[in-house]
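J.: Sending over a structure as structure tokens; questions will come in a sec.
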Amino acid sequence: MSPQQPENRWPSTAFVSEVVPFAATVFREGHDALGAELVLTMPDGTVERHTLTQGAPGTDRWHVDVALTQAGTHTWHVEAFADDWATWLHAASVKIAAGVDVELMLLEGAQLLARAAALAVDTPAAAVLTDARSVMRKMTLTPAARLAVANDARVAAALTAHPLRSLLTRSEQLVIRVERTRAAVGNWYEFFPRSEGAKQRKDGSWQSGTFATAAKRLPAIASMGFDVVYLPPIHPIGRINRKGPNNTLTPGPHDPGSPWAIGSSEGGHEAVHPDLGTVADFEAFVATAAKNGIEIAIDLALQCAPDHPWVTEHPEWFTTLPDGSIRYAENPPKKYQDIYPLNFDNDPEGLAHEVLRIVRLWISRGVRIFRVDNPHTKPLHFWEWLLHEVNTEYPDVVFLAEAFTRPPMMQALAGAGYQQSYTYFTWRNTKPELETYLTELSHESSAYLRPNLFVNTPDILTEYLQFGGVPAYKIRAAIAATASPTWGVYSGYELIENIARPGSEENIDNEKYEYKPRDWAAAEAAGKSIAPYITTLNRIRSEHPALRQLRNLHVHASDDEAILVYSKVLPGRFVRSGRTDGIIVVANVDPHSARATTVHLDLAALGLAPGATFDVKDLITGDRFRWGADNYVRLDSFVEPVHILRIEYPKGT
């Protein structure tokens, strides 16, 4: 049965408007025909029935796709049964044509029609079935004419509405939790509010940006098509062991420190940094964002600076070493002397309820999205409890797990309730890597893990971006924006900020440790920004519902080791216009070359007949092509490295 999580410990998940593929293995002894139905109970008690169809011959897998439109807990099971009419019709067609048991087969058919008419009593179908029975019993007609009534479209429709079933069995009942659309669909933009509007004085000191100055950036972010703005921690920053530029241990008097070193004499996780403003200023920032169609996500980083109030008020929440000092955070070779990790072993209940209090407090201030820093370093049972508590009280709250860790923990966090997860996408850059990983995300783990494909972060500037120039930045953005319903960028990506601190995967002069004001307008005017390209990607996403689905990604073939090809198709029955929406992405993942090759498409996956030809339009350049199963492609990374092709389906498909 699918969808379900491995071992079915937690419910599978979906989001409002997601098209979910349900499937079951259905078989029985003998050769009689089978049927199967999905029985889906909505949160409001409404029951829907959907007919499953058999998949690849010999697999006994039965499938149906259903769009889920209500948020809340759904239950579902599958009913399997012997299809008495289909079994008879197959046997009758063979035997009557061969002149074997003719009258016996027609008598059996008439009895089945009488049985169906009884099921359809007081409906128009009853008359159709009764008339068909009379024709089948009419001895003055030829056997072929009497059998023909069984294939009449009206009779077929009546039997679909009132099927003849026997030996019905029911599967176990499973649960699927459907969450609001933002839990899986969004365009994220990360920026440091202290950098927006920051100014350096003549004496080298800085005037920090504030919530008010940062709010001035929101219309531009919205105009690029982003609908979620994620803020790194906005709390007071510790002074003890404060980090200087580029993670040095020698900060100057004007260095602001890392926002992830949370807490000082000015407050902890419940407070805002006084340089940014007040709680009222933050709430005004959230309101301004909403007016621009943006939701605000804040960082939930469960860690403390050495001067956080918790260190003295609750020393049991930290790890004390034999020499009496408190253990600071490490992720070898990285050291974070300015951060004390929390220890959940000594007072798990007290610490858990304090975190819940903090989350509820920020919810009361208008926050509905939390990006959680390093959740894999906290106990899984804590997250299972916290997310259940919060989502029971506030079903619209979304948690994003920043868990760059081993797959079992990443998957378990998603299973336990995280709505979204960072992924290994930033480190999957070759064609084989991307083919494998995108297939895994869209099919193997999609029942519970929703990827947020960030292309960069303050901690991650991959070699691919460091040395790939503008083509690399376009390629990664185009793939992230089309492969997943949710993707994100960290500010500066549009300016191709690709200089790394030597020996690291981080930007030099990293914004984690200093102010970094940028002149966005000047860069765009000088042609040094790919903001227009990103805007185009987000516009394409908004116009094509197929791109706002996860489980419909299908990888196709090409003859070149660097040409990645995949499609996303949403059948017309799930599209408001009634017309199928189909996108083909062809990407040259080598940012240093022009590549020419042949692309081989699986036409069935595109909803097209074998041998079909069709028109496609490149939504980046506007070029049009006539395509079929096999197509010549040339992509020059220094011109346009990616085709995003809209399939021009005929009307009515």
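The values are calculated or read from the model by the stated rules, or taken from the named source; none is laboratory data. For clarity, every value in this text was computed on a predicted model and none was experimentally measured. Note: ideal-geometry Cβ built from the backbone for every residue, glycine included; neighbour counts use all protein chains shown. With ligands, DNA and RNA removed, areas are computed over all heavy atoms of the protein, side chains included. Shrake-Rupley method; radii C 1.70, N 1.55, O 1.52, S 1.80 Å.
J.: Report the FRET efficiency, 1/(1 + (r/R0)^6), for Thr439 and Ala148, where r is their Cβ-Cβ distance and R0 is 51 Å, rounded to 0.05.
T.: 0.65
J.: May I ask which residue of Ser577, Leu603, Val589 lies farthest towards the positive end of the charge dipole of segment 566-653, with charges of +1 (Lys, Arg) and -1 (Asp, Glu) on Cβ and the Cα centre as origin?
T.: The listed residue farthest towards the positive side: Ser577.
J.: Got a number for carbon plus sulfur as a percent of segment 1-101's accessible area, 1.4 Å probe?
T.: 54 percent
J.: Out of the DSSP beta bridges found with both residues in the chain, what percent are antiparallel (nearest 5)?
T.: 70 percent
J.: Next up: Taking 8 Å as the Cα distance limit and 6 or more residues as the minimum spacing, I'd like the relative contact order of the chain as a percentage.
T.: Reported relative contact order: 10 percent.
J.: Moving to a separate point now. Residue farthest toward the positive end of the dipole of segment 192-325, with Cβ of Lys/Arg at +1 and Asp/Glu at -1: which of Ala284, Ile262, Ala215?
T.: The residue sitting most towards the positive pole is Ala215.
J.: For a quick protection proxy, order the peptides 185-192, 126-133, 24-31 by their average other-Cβ count within 10 Å, most packed first.
T.: 185-192, 126-133, 24-31
J.: With bins 5 Å wide starting at 0, give me the P(r) of segment 555-653 over every alpha carbon pair, in whole percents.
T.: 3, 13, 24, 25, 18, 9, 5, 2, 0
J.: Once you have the alpha carbon radius of gyration of the chain, what is it after dividing by 2.2 N^0.38 Å, with N set to its residue count?
T.: 1.16
J.: Could you sort Asp618, Asp509, Asp519, Asp459 by their accessible area in this structure, using a 1.4 Å probe and putting the largest first?
T.: Sorted descending by solvent-accessible area, the residues read Asp519, Asp509, Asp459, Asp618.
J.: Let me ask you something else. Taking all protein chains as present, what is the carbon and sulfur share of the accessible area of segment 205-362, in % to the nearest whole number, probe 1.4 Å?
T.: So the carbon and sulfur contribution to the accessible surface is 54 percent.
J.: With a 1.4 Å probe and all protein chains left in place, how much accessible area per residue does segment 449-548 have, in Å²?
T.: Spelled out: the 1.4 Å probe surface of segment 449-548, per residue, equals 30 Å².
J.: Tally up the carbon and sulfur contribution to the accessible surface of segment 365-435 as a whole percent, 1.4 Å probe, everything protein left in place.
T.: Of all accessible area on segment 365-435, carbon and sulfur atoms account for 55 percent.
J.: Give the share of C-alpha pairs in each 5 angstrom bin for segment 343-432, from 0 to the last occupied bin, in whole percents, shortest bins first.
T.: Reading the bins upward from 0: 3, 13, 24, 23, 18, 10, 5, 3, 2, 1.
J.: Determine Rg/Rh for segment 511-612; Rg is computed over alpha-carbon atoms and Rh is the Kirkwood hydrodynamic estimate from the same atoms.
T.: Result: Rg/Rh = 1.10.
J.: Here's a follow-up. For the chain, what is the charge dipole size about the Cα centre, in debye to the nearest 20, if Lys and Arg each add +1 at the Cβ and Asp and Glu each add -1 at the Cβ?
T.: 1540 debye
J.: Test of understanding: what is the full-extension gain from Thr46 to Tyr394, defined as 0.36 nm times their sequence separation minus their Cα-Cα distance?
T.: Result for the pair: 123.0 nm of gain on full extension.
J.: Given a 1.4 angstrom probe, what's the average accessible area per residue across segment 171-242, in square angstrom?
T.: Using a 1.4 Å probe on heavy atoms only, each residue of segment 171-242 averages 36 Å².
J.: Once each part is reduced to its C-alpha centroid, what is the distance from segment 414-463 to segment 565-595 in angstrom?
T.: Going from one Cα centre to the other spans 19 Å.
J.: Let me ask you something else. What is the magnitude of the charge dipole of segment 52-105 about its Cα centre, with +1 placed on the Cβ of each Lys and Arg, -1 on the Cβ of each Asp and Glu, and no other charges, expressed in debye to the nearest 20?
T.: For this selection, approximately 160 debye.
J.: Nearest 20 debye, what's the magnitude of the dipole of segment 227-323 about its Cα centre given +1 on Lys and Arg Cβ and -1 on Asp and Glu Cβ?
T.: Its charge dipole is roughly 280 debye.
J.: Right, another one. Over segment 293-387, with the other protein chains present, what is the accessible area per residue in square angstrom, probe 1.4 angstrom?
T.: Using a 1.4 Å probe on heavy atoms only, each residue of segment 293-387 averages 42 Å².
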